[in-house]
Amino acid sequence: MTERNIHAGLPFTDDDETIARALEDVSIPTLMLSMVHMTGDPEILRGALKPAGLFINEVQGFMSEDDKAEIRRQALDVIRAYRDAGCVPAAPPDRALIQEMMSFLVCEPVSDEYVPLMLEELELGGGDSRRVDFDDVDETARGQFPVVVVGCGMSGLLAGIRLKQAGIPFTIIEKNPGVGGTWWENQYPGCRVDVGNHFYCYSFEPSDHWSEFFAQQPELQKYFDDVMDKHAVRDSVRWETEVVGARWIESDSRWAVRTRDKDGNEEELDARAVISAVGQLNRPALPDIAGRDNFRGPSFHSSRWNHDVDYKGKRVAVIGAGASGFQIVPTIAPDVAELTVFQRTAQWMFPNPSYHDKVGPGVQWALRHLPFYGRWYRFLLFWPGCDGAFIAAQIDPEWPTDGNSVSAVNDATREVFTDWIKSQIEDDPELLEKVIPDYPATGKRTLQDNGSWLKALTRDNVELVRKGIARIEADAIVDDDGKRYEVDIIVYATGFQANRFLFPIEVVGRDGVVLSQHWGDEPKAYLGISVPGFPNLFCMYGPGTNLASGGSLIFHSECQMRYISGCIKQLIAGDHRAMEPRETVHDEYFERTQRELEGLVWTHPSITHSWYKNASGRIHILSPWRLVDYWDWTRSPSLEDFDIT
Ligand code: N01
């Protein structure tokens with residue numbers, strides 16, 4: 001028996017009433033596309049009832065209640081017939097119809113270049129297109145190509161899954177006792193993802209289980225744990241062990257990877273290739289504030305939350321309010337005696353009233369049973385939240401440079417964001433002045449907001465301080481005006497050392513070049529993946545791959561791992577010893593990336609503090625590319641880009 005395509009939905013026998021109840025919850029435009037898969041008839045898309053517009057996180061396409069009710073009524077007939085006929089989807093839509101369906105869903109013409117991407121995402125044939133097939137590569141040769149993966153977060157786990165599928169021996173070295181990386185380490189109160197989970201998940205796994213649209217940390221960590229077990233990767237991980245160094249041995253074309261376990265025991269592992277999956281945001285950046293060490297009470301970084309410290313009823317200071325502080329503050333505010341929030345730069349936030357909503361049983365039912373509902377829902381999140389959002393980040397050279405905006409669209413975005421803030425605290429001009437950012441919208445990481453941030457700031461026990469910090473004393477924080485805030489606990493939500501890639505691992509490449517010295521705080525890599533002089537070293541979520549304009553890093557990692565698998569396949573199949581990108585190819589890519597970045601808002605000079613920028617204000621960690629471009633470039637490696645030994 002052939003295996004059923006998981007995206008085509010599980011067969012069901014639910015009664016009409018159950019189905020009708022489920023339809024109350026679902027995204028109607030997405031449902032309409034699933035109806036096409038059930039009937040094979042696209043006419044439903046060509047009538048008067050259709051989504052009227054698209055906005056990020058607005059999954060009903062602004063359809064009226066009457067129109068939605070009418071579609072539900074029609075859908076019930078279609079689903080009933082589909083169920084009674086044994087839940088067999090119609091023949092897959094052809095390419096032209098797929099494009100029509102894409103355009104229907106996002107209410108604008110979707111260009112040809114997205115069709116192959118969507119076809120891959122849909123997995124109409126039930127495969128796993130991003131998995132590289134190694135069946136045609138000699139099994140013995142595969143077995144003689146050990147790989148070390150550094151880190152078992154979202155990317156490292158993916159690397160393990162793909163290597164296992166490829167029949168390549170591998171070891172994952174993970175410094176923590178469990179899987180998840182960011183989602184293992186960040187356990188602060190209120191921690192949740194801000195990319196919709198039905199897109200922020202592996203493409204080859206079902207997405208019908210999420211309990212919230214933006215899941216909280218425990219659910220995310222459990223997800224990675226479950227996926228790890230499903231793919232039997234756990235036994236290949238060495239927990240609580242760090243990679244301290246890796247040295248390229250030219251004579252053998254191998255990496256000697258030095259590890260240290262929690263008891264201090266060191267070991268050297270032999271690898272034909274090393275995959276770095278260390279992430280960008282896991283080495284805390286603690287601020288250089290005078291007297292920081294003099295504080296007598298408990299203090300800790302947001303990603304090292306000390307759960308032994310009971311903050312209830314205490315006077316707490318949160319220093320820093322980027323994405324982490326923004327989630328911590330509303331969560332702990334009701335429980336603490338006093339909360340002082342030190343925010344150096346105000347943050348732009350994106351109105352998302354349903355940010356904390358639960359996924360209703362109807363949506364879960366549809367994701368589980370309706371053919372391709374989940375895949376189209378994924379596209380509905382992808383389009384406005386990723387490539388569709390790019391336009392707001394682009395600098396119009398003709399636009400007046402008053403520091404407030406960089407283009408007409410960016411200005412309109414500023415207006416939407418400002419209105420959202422004003423609508424919540426109109427009668428509090430003092431707070432209003434503190435919370436409206438003085439740089440262009442989307443210039444830094446834009447935060448998802450359902451109103452909880454400003455609601456917290458207007459509480460009687462919460463104070464927002466928009467001054468610098470002069471010093472920290474044994475029991476207090478003193479601001480630049482000399483005002484003293486007595487506190488019992490300090491939380492540093494001050495971010496990470498994002499520009500120090502692979503820090504503190506000592507990676508020594510060809511001719512003894514040390515990667516950290518070679519890069520400094522200007523890391524660069526071809527496609528963010530490979531570096532000249534460091535053969536058979538591949539980065540996931542490497543330099544120039546962070547997604548500032550939106551998008552799922554899991555999607556990006558899947559692109560990277562497919563490319564890396566392609567490289568490994570070439571190495572083994574071609575009996576090559578080593579590959580590294582040609583200097584010219586690497587440099588040209590870097591220059592192109594930099595040129596592109598210059599046209600984007602994140603480089604704007606009005607943004608003085610941003611983890612996107614390095615010490616000299618240059619950006620090395622962000623991707624300026626649309627997802628469709630990066631996806632296309634990483635589908636398979638081109639050997640001409642590499643020096644092959
Ligand atoms: O760190 P940040 P984060 N004195 O660097 C302030 C991801 N993430 O952990 O803005 C005083 O953004 C700093 O001030 P300023 C996401 O990609 C995702 O919050 O530089 N203040 C800022 O307020 C995110 O972007 C999620 O002026 C100082 C804060 O500390 C990234 O991680 C959740 C200071 C640091 O903000 C990092 O977020 C959490 C100093 N010396 C994180 N130094 C979700 O998915 C720094 N600050 C929801």
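Of note:
- Sorting the segments 605-613, 494-502 by their mean number of nearby beta carbons within 10 angstrom, highest to lowest, gives 494-502, 605-613.
- Computed P(r) (all Cα pairs; the chain; 20 Å bins; percent): 18, 50, 30, 2
- Pairs exceeding a 23 Å alpha-carbon distance, out of Lys422/Lys455; Lys175/Lys312; Lys222/Lys524; Lys312/Lys455; Lys422/Lys444; Lys230/Lys358: Lys175/Lys312; Lys222/Lys524; Lys230/Lys358.
- Derived value for region 345-457: Kirkwood hydrodynamic radius 16.2 Å. Basis is the mean of 1/r over every pair of different alpha-carbon atoms.
- ³J(HN,Hα) computed for each position of region 134-147 - Karplus, 6.51 cos²θ - 1.76 cosθ + 1.60, integer Hz, glycine/proline x: 9, 4, 8, 10, 3, 5, 5, 5, 4, x, 9, 10, x, 10
- Whichever aspartates and glutamates have a C-alpha closer than 17 Å to that of Lys262, once near sequence neighbours (fewer than 8 apart) are set aside: Glu174, Glu185, Glu240, Glu242
- Relative contact order, percent, the chain [alpha-carbon distance under 8 Å, six or more residues apart]: 17 percent
- Computed over region 326-443: relative contact order in percent, which uses C-alpha pairs under 8 Å that are six or more apart: 29 percent
- Taking every alpha-carbon pair under 8 Å whose residues sit at least 6 apart, region 313-385 reaches a relative contact order of 27 percent.
- Sorting the segments 424-437, 323-336 by their residues' average number of neighbouring beta-carbon atoms within 10 angstrom, most packed first, yields 323-336, 424-437.
- Formal net charge of residues neighbouring Asp521 (Cβ-Cβ distance under 12 Å; K, R +1; D, E -1): +3
- Cβ crowding within 10 Å averaged over residues, with 382-393, 408-419 ranked highest first: 382-393, 408-419
- Here the Karplus relation 6.51 cos²θ - 1.76 cosθ + 1.60, evaluated at θ = phi - 60°, turns the backbone of region 467-472 into coupling constants of 10, x, 9, 7, 6, 10 Hz, with x for every Gly and Pro.
- Amide H within-cut-off set for Leu600, under 5 Å, with H built and near neighbours excluded: Ile395
- Amide H within-cut-off set for Cys191, under 5 Å, with H built and near neighbours excluded: Gln217
- Under the membrane-span-like helix rule (DSSP H runs whose alpha carbons stretch at least 24 Å along the helix axis, mean Kyte-Doolittle hydropathy 0.0 or higher), the chain yields 553-573.
- Summed residue charge, Cβ within 9 Å of Val132's Cβ, Lys/Arg positive, Asp/Glu negative: +4
- In the chain, helical runs assigned H by DSSP with n ≥ 4 each contribute -39500 (n - 2.57); averaged across all residues and rounded to the nearest 500, the mean residue ellipticity at 222 nm is -10000 deg cm²/dmol.
- Net charge of Cβ neighbours under 15 Å - reference Ile619; Lys, Arg +1; Asp, Glu -1: +3
- In this structure, the amide hydrogen of Val318, modeled 1.01 Å from its nitrogen in the peptide plane, lies closer than 5 angstrom to those of Thr340, Val341, Phe342, Val491, counting only residues at least 5 positions away or on a different chain.
Any read-out appearing in this document is the output of simple, stated calculations on the displayed coordinates, not a laboratory observation. All of these numbers come straight from a predicted model, not from anything done at the bench. Reconstructed Cβ throughout: ideal geometry from the backbone, glycine too, with neighbour counts over all protein chains shown.
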